[in-house]
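Beneath this line is the structure, given in structure tokens, with notes to follow.
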Amino acid sequence: MSTTLLRTIQLNQFSLLGTSLLRRRRSNNFSVRSCGSQTTTTHEAKQSSPTRVAPKNHKSNQLDEILRDYEAVIGIETHVQLSTLTKAFCSCSNNYGSYPNTSICPVCMGLPGALPVLNSKVVEFGVRLGLALNCDLSLKSKFDRKQYFYPDLPKGYQISQFDIPIASGGYVDVDIPLEFGGGHRRFGITRVHMEEDAGKLLHSDTGDYSQVDLNRAGVPLLEIVSEPDMRSGIEAAEYACEMQRIARYLGVSNGNMQEGSLRCDVNISIRPIGQAEFGTKVEIKNLNAFSAISRAIDFEISRQALLYNQGKADQIVTETRLWEEGAQKTVTMRKKEGLADYRYFPEPDLPEVILTQEYVDSIRASLPELPEAKRRRYEAMGLGMQDVLFLANDVSVAEYFDAVIGKGAEVKLAANWIMSDIAAYLKNEKLSINDIKLTPQELAELIAAIKDGTISGKIGKEILFELLAKGGTVKGMIKAKDLVQITDPAEIEKMVIQVVSENPKQLEQYRSGKTKLQGYFAGQVMKMSKGKANPGLLNKILLEKLNAKD
Amino acid sequence: MLSTLQPPRSLSLLPLRRFQISKTIVSAASSKTIDTSVISPPQSQILTTRRSLLSGETTAVEIAKSYLSRIRLTEPQLKCFLHVSENVLKDAQEIDQRIAKGEELGPLAGVLIGVKDNICTQGMPSTAASRILEHYRPPFDATAVKKIKELGGIVVGKTNMDEFGMGSTTEASAFQVTANPWDLSRVPGGSSGGSAAAVAARQCMVSLGSDTGGSVRQPASFCGVVGLKPTYGRVSRFGLMAYASSLDVIGCFGSTVADAGMLLHAISGYDRFDSTSSKQDVPEFQSQFLSVDHFESKPLNGVKVGIIRETLEDGVDSGVRSATQEAASHLEALGCILTEVSLPSFSLGLPAYYVIASSESSSNLSRYDGVRYGNQVMAEELNKLYECSRGEGFGGEVKMRILMGTYALSAGYYDAYYKRAQQVRTLIRKDFKAALEQNDILISPAAPSAAYKIGEKKDDPLAMYAGDIMTVNVNLAGLPAMVLPCGLVEGGPSGLPVGLQMIGAAFDEEKLLKVGHIFEQTLKGSSFVPPLLANVA
Ligand SMILES: [Zn+2]
């Protein structure tokens, strides 16, 4: 059937100008990225790194002075696309990147007579996220219809939640990275509600017509609305980062910004410091990366502050602006003519969503340790904030780290191995920590083998890379390669004596005051031992021999 | 089981017996003018078909041929069907093959069924009588249709209706006006006018309609057939093109209570594709359909019947009123205990109904935007595409209700209209509940008048809306109700039928069917066969 449907859609091409679409769009899930970037695949594992959030734009001292008089008020609406197997209200598979209109059915196409049936996973994920964001859950919530016309919205309404969201009144804690001043912040969460995504428009190259791809129509979303608690681009970016982290920790979404699985719309106004009422609110869309959130907000704060300063505050109007990544600025997308009236009313095709306290409790019990709890635990374990943020940032890294210390490895050493050698390896090989062959068990073994002197640190680093790439056990490798450290003083002494006797010239120079040559002798002995001599013992015996008056 | 059913009869496909009328108002209960000995109670066409197929008396193909030829003869005048299936004979052949092979037959084997055009039939045009869906063929069967087909039923075709169910005369069809078989100058009622008229004219044995505010019951009354509106949730709405989702139900037409009941049984039950369908058990209604010989002297002894006072007040035709009162007397004669009940919220129902139905329809009809299917008018610009596709695709009545609904849901008006209407709805539910705690069933006329002339109320929508007063409250309360012919009033060549509405408690269709069947089988001198058939024959 899908081929017939696809043909139908293609036959129903309609002519319009690309730009006219932007003006007429009324939904708030819209962003221009949906109009043609769907083929880009990305290695987005790194986008989540808070260190990628760019520092503030350079500003003149004058601007800095102006900015000092104003305070920004920032709220964020985040759409999280849920990684359920099927769509929210039909049994179509929910997979990104399929050929247009191959994952559709009468329900998500809005055919006459088709009815929605709620996927219970959507409720489960809503409850999970609501609990993770410290919200109160509505044991009785409902769906509503949000009505507007747009070709990517098959039914002419979006099934959403209006006055009774599944969760509300929560908060989220974040740690600001040290390079941006550090510090702990708590931002309020107004509400979390369930809704469905719209399809996508594909515009022809000539701009003569557009086509509708409904693969995304009906994909479940959770919309998270924050309180207007953020005051800077960095805070906002860190908030968005935390949303991604929480979604990934919970396993409710892949949180991929480039694919549109995590979409942030920013609301921002500024006001003179000391003023209680809010200024005029501007909405910014098209924020495809955390750095874009941060920079777009900083740009917007400067723009608005300058207008205030120049007495042109009336030029700050309620509007939606787009972030232009190339030009690094925001531009007007559309001015809002009064409030859009979506004519919300209760969705009569779906019964109320009733949750029992037992159900909520069972979900609560199944929640994993969340980023904030992990950070506080790592901090309590004695790790510095830099290490804490690094390890807790990525759920896979955190799980790996926890597994390594779970096997008894020393915290500090485990952190160092993961953050330095392993991180470097992952970066070079463009891998994620899930791809490596070195099990947490073996990393713990490796750390222990070095600590108890079985192998030297140097040997340890050498075999690390082989373990990362090929796997295997530390014990097995030590045995196969005969890597056990030489700790027998007699054996080391034998080698020292041999090296000293084979280098009479250097010995003479040493004894005549060139003590730096100790390093040369140590190197020779190490070489002879194939790197296996215990360095402490070696140096102790070497010094004895070099300084012996014989 | 068969022994308890009506005695086998030769399959008289056309039980042609013209109703004799010699008085101004002939109530069926008063049998003075009719020689009752020549009129036997109406027979279930479903059971008759089954028996004659199983006995080898006739074949499914023969039956189908005779119905098709009657459609050919009567359709030019009646215009009940928007589409007649090309597969009727093929489907009938399959039934005959099954019989020849001795395979088991479904309970609806060989039964010819008309399906209202707003109920999806796979590959067969389904337009809801709207220009905006002209030529649209759904890729799936509605659950009710699927069940019918699985049980051996044959879809004869798609019946005419008011566009998207919005109307009470079937004149609001974008394609044709259906005539009432009792008087071709009169409307068959609506919105399921095609389904009602087709059963009345024996163009099919039974049919499916949909009832949002009376769209099964009122045309049943106008056409002299049985119309059954089940409890909301009893039948899956999957595949029914939504008009007002919280009120819509698929209902059944038959020339007997038994036929309507057996069709309901076939389509009832929980459906995982409709979250508003109910998991309530569906009882085996068939045991209620005893033959007259098995009735006791007072077969409805002790059944408490409440006659709704508000439905017999001003604005109801005197003929309708007396037919209802005589029907009540007949029930009393059968042993029922009759009392008068009052539903204080009764008059509030109509405005609340029009607010809710219009609001929901304004939303449900948004999907007809010309982008994916149906009527599309090419345009240079998006809003023009919407304007032209919808402007040309929808008829006047539909546009008016979309406008009313859009207004009622607008910011600032929601509380005054939609929310208030929902409060009224709660009130109406309460009143019904109280009345049904005191009574087994409630009765009222099905409509304030018998069928009126085509065009008579076309330009007076308020007068037309007022005709729904008897039926809308039942939808607001989600209750089951059945309309069955109870008498004739003056009009047309041989009188016009009038229906009695019986309202039951939620999910108690069984009681309605029991009372209705006994009422029907014992109604002396009644044979609600329209004169048209006699003329044709
Ligand atoms: Zn689907």
Kindly state which helices (runs of 4 or more DSSP H) lie completely within the range B:416-516 and contain at least 2 residues that are within 25 Å of B:VAL235 (Cβ to Cβ).
B:420-438, B:472-477
Of the criteria (1) in a loop (DSSP other than H, G, I, E, B); (2) of a type in the set (Ser, Thr, Tyr); (3) open to solvent by 40 Å² or more (accessible area, probe 1.4 Å), which one B:THR276 fails
(3)
Among the residues of the range B:77-85, is any among the aromatic types (Phe, Trp, Tyr), under 20 Å from the mean Cα position of the chain (by Cα) and more than 29 Å from B:ILE356 (Cα to Cα)?
yes
Across the range A:456-500, the tally of residues that are modelled with pLDDT of 85 or more, in a loop (DSSP other than H, G, I, E, B) and touching a helix residue (DSSP H, G or I) at 6+ places or on another chain (Cβ under 7 Å) stands at 1
Which ones in the range A:370-420 are open to solvent by 30 Å² or more (accessible area, probe 1.4 Å), part of a helix (DSSP H, G or I) and basic (Lys, Arg)?
A:ARG376, A:ARG377, A:LYS412
Scanning the range A:131-163 for residues that are away from chain B (no Cβ under 14 Å) and either open to solvent by 30 Å² or more (accessible area, probe 1.4 Å) or farther than 14 Å from A:GLU195 by Cβ (or both) gives A:LEU131, A:ALA132, A:LEU133, A:ASN134, A:CYS135, A:ASP136, A:LEU137, A:SER138, A:LEU139, A:LYS140
Please verify whether A:ALA240 is open to solvent by less than 10 Å² (accessible area, probe 1.4 Å), within 16 Å of the ligand (Cβ to nearest atom) and modelled with pLDDT of 95 or more, treating the condition exactly as stated.
no
Between B:GLY209, B:GLY251, B:GLY194, which is assigned to a helix (DSSP H, G or I) and within 18 Å of B:VAL156 (Cβ to Cβ)?
B:GLY194
Name the residue, out of B:SER358, B:SER278, B:SER342, that is within 14 Å of chain A (Cβ to nearest Cβ) and under 25 Å from B:PHE507 (Cα atoms).
B:SER278
If you go through the range B:465-484 one residue at a time, how many are under 19 Å from B:GLY227 (Cβ atoms) and open to solvent by 20 Å² or more (accessible area, probe 1.4 Å)?
1
Taking B:TYR67, is it of a type in the set (Phe, Trp, Tyr) and not in a loop (DSSP other than H, G, I, E, B)?
yes
Within the range A:502-521, is even one residue under 30 Å from A:ILE422 (Cβ atoms), open to solvent by less than 70 Å² (accessible area, probe 1.4 Å), assigned to a helix (DSSP H, G or I) and in contact (Cβ under 8 Å) with a residue 60 or more places away in the chain?
no
Among the residues of the range A:260-278, count how many are open to solvent by less than 20 Å² (accessible area, probe 1.4 Å) and touching a helix residue (DSSP H, G or I) at 6+ places or on another chain (Cβ under 8 Å).
7
Of all the residues that make up the range B:18-61, how many are at pLDDT 50 or above and in a loop (DSSP other than H, G, I, E, B)?
11
Scope the range A:196-218; condition away from the ligand (no atom under 16 Å from the Cβ), touching a Leu at 6+ places or on another chain (Cβ under 8 Å) and open to solvent by less than 40 Å² (accessible area, probe 1.4 Å); matching residues:
A:LEU201, A:GLY207, A:SER210
Of the conditions (1) closer than 28 Å to A:ILE74 by Cβ; (2) in a loop (DSSP other than H, G, I, E, B); (3) within 16 Å of the ligand (Cβ to nearest atom), A:LEU221 clears all except one; give me its number.
(2)
Filtering the range A:62-110 down to residues that are more than 16 Å from the ligand (Cβ to nearest atom) and part of a helix (DSSP H, G or I), which residue is surrounded by the most Cβ atoms within 10 Å (Cβ to Cβ)?
A:LEU67
Filter the range A:115-127 down to the residues that are out of contact with any Ser or Thr (no Cβ under 8 Å at 6 or more places or on another chain) and either more than 14 Å from every other protein chain (Cβ to nearest Cβ) or under 17 Å from A:ASN215 (Cα atoms) (or both) and list them by number.
A:GLU124, A:GLY126, A:VAL127
Out of the range B:389-409, which residues are within 14 Å of chain A (Cβ to nearest Cβ), over 19 Å from A:ASP341 (Cα atoms), of a type outside the set (Gly, Ala, Ser) and part of a helix (DSSP H, G or I)?
B:ARG390, B:VAL398
If A:LEU201 satisfies all but one of (1) touching an Asp or Glu at 6+ places or on another chain (Cβ under 7 Å); (2) modelled with pLDDT of 95 or more, what's the number of the condition it fails?
(2)
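The values are calculated or read from the model by the stated rules, or taken from the named source; none is laboratory data. What you see is a predicted model, and the numbers here were worked out from it, not measured in a lab. Positions of Cβ are generated from backbone atoms using ideal geometry, with glycine treated the same way; all protein chains shown enter the neighbour counts. Please note that ligands, DNA and RNA were not included when accessible areas were found on the heavy atoms of the full protein model with its side chains. Shrake-Rupley method; radii C 1.70, N 1.55, O 1.52, S 1.80 Å.
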